[in-house]
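Engineer: Take this structure, written in structure tokens, and hold onto it; I'll ask about it next.
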Amino acid sequence: RPPMVAPLSLRAEGIPRLDPELCSYLKPPPYENSGPKELDPWSLQWVHACDENQPWLVMSFTSESGSFPWCGLCGKWASADHLSSQKCVQKRDSWQISLGPFLQDMINKHNDYHESSPSGSNTQGTAEP
């Protein structure tokens with residue numbers, strides 16, 4: 001068992017004092033602001049959709065996939081397919097949540113595109129990834 005090292009020392013008054021050598025570990029790493037990141041059109045649309053549907057729909061970030069919408073009601077990534085799913089619709093209905101108009105329009109366009117394009121190829125130039 002390693003020896004215990006006390007990061008606090010007691011002053012004469014009996015009030016603990018932080019060891020100055022440990023203070024550097026309490027500071028956050030330096031913040032490098034390289035300016036605002038430009039978002040692609042797909043991300044901008046989803047940011048707007050999330051803004052109008054907070055708090056249940058938010059943009060989340062992972063190092064693997066970047067920014068992507070998150071459905072807080074279902075605990076799942078919020079693709080248009082997920083938001084159109086029976087499970088998600090039922091959860092929104094049970095909480096009496098309506099989609100914002102921008103998000104509803106995005107989902108309608110997504111569903112219309114997939115209903116009219118059986119091959120799934122993007123021939124209509126939609127904004128979907």
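Engineer: For segment 51-57, just list the computed ³J(HN,Hα) in residue order, Karplus coefficients 6.51, -1.76 and 1.60, θ = phi - 60°, integers in Hz, with x standing in for Gly and Pro.
Structural biologist: Result, rounded to whole Hz: 4, 7, 10, 5, x, 7, 10.
Engineer: Step through the residues of segment 101-114 one at a time and calculate ³J(HN,Hα) from phi using the Karplus curve (6.51 cos²θ - 1.76 cosθ + 1.60, θ = phi - 60°), rounding each to whole Hz and writing x for Gly and Pro.
Structural biologist: Coupling constants for segment 101-114: x, 5, 5, 4, 5, 4, 5, 4, 5, 4, 5, 4, 4, 6 Hz.
Engineer: Non-local amide H neighbours of Ser60 (under 5 Å, H modeled in plane, Pro and chain starts lacking H): which ones?
Structural biologist: Those qualifying (amide H under 5 Å, at least 5 residues apart or on another chain) are Phe68, Trp70.
Engineer: Quick one: 3J(HN,Hα) in Hz for segment 77-94, Karplus 6.51/-1.76/1.60 with θ = phi - 60°, rounded, Gly and Pro as x.
Structural biologist: Whole-Hz 3J(HN,Hα) from phi for segment 77-94: 4, 9, 6, 4, 5, 5, 5, 8, 5, 4, 4, 5, 4, 5, 5, 4, 4, 5.
Engineer: Considering amide H positions built from the backbone, and no H for Pro or chain starts, which residues 5 or more places from Asn53, or on another chain, come under 5 Å of its amide H?
Structural biologist: Here nothing satisfies the definition.
Engineer: Percent of accessible area on segment 51-90 owned by carbon and sulfur, 1.4 Å probe?
Structural biologist: On the way: 1160 of 2260 Å².
Of all accessible area on segment 51-90, carbon and sulfur atoms account for 51 percent.
The values are calculated or read from the model by the stated rules, or taken from the named source; none is laboratory data. Because the structure is predicted, anything quoted here is derived from the model rather than measured. Heads up: the accessible areas ignore ligands, DNA and RNA and are worked out on the full protein's heavy atoms, side chains in. Shrake-Rupley method; radii C 1.70, N 1.55, O 1.52, S 1.80 Å.
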